[in-house]
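Note sheet for the following structure.
The values are calculated or read from the model by the stated rules, or taken from the named source; none is laboratory data. Bear in mind that the values here come from a model prediction, so they are computed numbers and not experimental data. No Cβ is skipped: glycine too gets one built from the backbone with ideal geometry, and neighbour counts run over all protein chains shown. Side chains included, ligands, DNA and RNA excluded: accessible areas come from the protein's heavy atoms. Shrake-Rupley method; radii C 1.70, N 1.55, O 1.52, S 1.80 Å.
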Amino acid sequence: MKTVSTTKAPAAIGPYSQAQICGNLVFASGQIPIIPETGEIAQGLENQANQVFKNITELLKAAGTDISKTVKTTVFIKNMDDFAAINAIYANYFTEPYPARSCVEVARLPKDVLLECEVIAEL
């Protein structure tokens with residue numbers, strides 16, 4: 001295994017790595033909408049969703065791959081009523097063939113953000 005770390009995505013806020021490479025796969029920890037340069041949380045659903053996917057993009061770049069090589073995503077959202085809006089933004093970052101995906105509503109996320117997304121991607 002090889003640990004991936006970059007300052008262009010939020011630092012881990014607990015005892016975990018930003019991502020791990022195992023074989024030809026990158027397993028990225030869940031990304032929340034922290035703006036890496038300031039440590040602040042992006043405000044509003046649209047800004048939060050875009051920041052999450054920007055963070056994923058940068059983390060995968062640091063691993064030596066890109067978002068187009070994503071094979072699986074798991075999206076955690078605070079309110080399932082936001083599904084359509086998040087889905088529209090998601091579609092700006094992921095293209096056909098789309099990765100496999102799970103999307104679940106959760107009671108609470110770190111720092112009370114509105115969404116979090118983890119991915120598995122090919123190198």
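Only a single criterion out of (1) open to solvent by 10 Å² or more (accessible area, probe 1.4 Å); (2) in contact with a helix residue (DSSP H, G or I) (Cβ under 9 Å, 6 or more places away or on another chain); (3) aromatic (F, W, Y) is not satisfied by F53, namely (1).
Q48: out of contact with any helix residue (DSSP H, G or I) (no Cβ under 8 Å at 6 or more places or on another chain), open to solvent by less than 20 Å² (accessible area, probe 1.4 Å) and under 22 Å from D112 (Cα atoms), yes or no? Criteria met by Q48. Being among the hydrophobic types (A, V, I, L, M, F, W, C), touching a helix residue (DSSP H, G or I) at 6+ places or on another chain (Cβ under 8 Å), buried (at least 18 other Cβ atoms within 10 Å of the Cβ) and modelled with pLDDT of 95 or more narrows it down to one residue among A63, A85, A19; which is it? Selected residue: A19, the only one of A63, A85, A19 that is among the hydrophobic types (A, V, I, L, M, F, W, C), touching a helix residue (DSSP H, G or I) at 6+ places or on another chain (Cβ under 8 Å), buried (at least 18 other Cβ atoms within 10 Å of the Cβ) and modelled with pLDDT of 95 or more.
The set of residues from region 88-123 being buried (at least 17 other Cβ atoms within 10 Å of the Cβ) and part of a helix (DSSP H, G or I) comprises I89, Y90, Y93. Any residue in region 104-119 that's free of Cβ contacts under 8 Å to residues at least 40 places away in the same chain: show its pairings with residues that are open to solvent by less than 70 Å² (accessible area, probe 1.4 Å) and of a type in the set (S, T, N, Q) at Cβ separation under 9 Å, as long as the two are six or more apart or on different chains. Taking only residues 6 or more apart or on different chains, the pairs are V104/T74; E105/N79.
Selection of region 55-72 for residues being over 8 Å from A9 (Cβ atoms) and either of a type in the set (S, T, N, Q) or part of a helix (DSSP H, G or I) (or both) yields T57, L60, K61, A63, T65, I67, S68, K69, T70.
The criterion of at least 1 residues that are farther than 14 Å from L59 by Cα and free of Cβ contacts under 8 Å to residues at least 24 places away in the same chain is met, among strands (runs of 3 or more DSSP E) falling completely within region 1-45, by 19-22.
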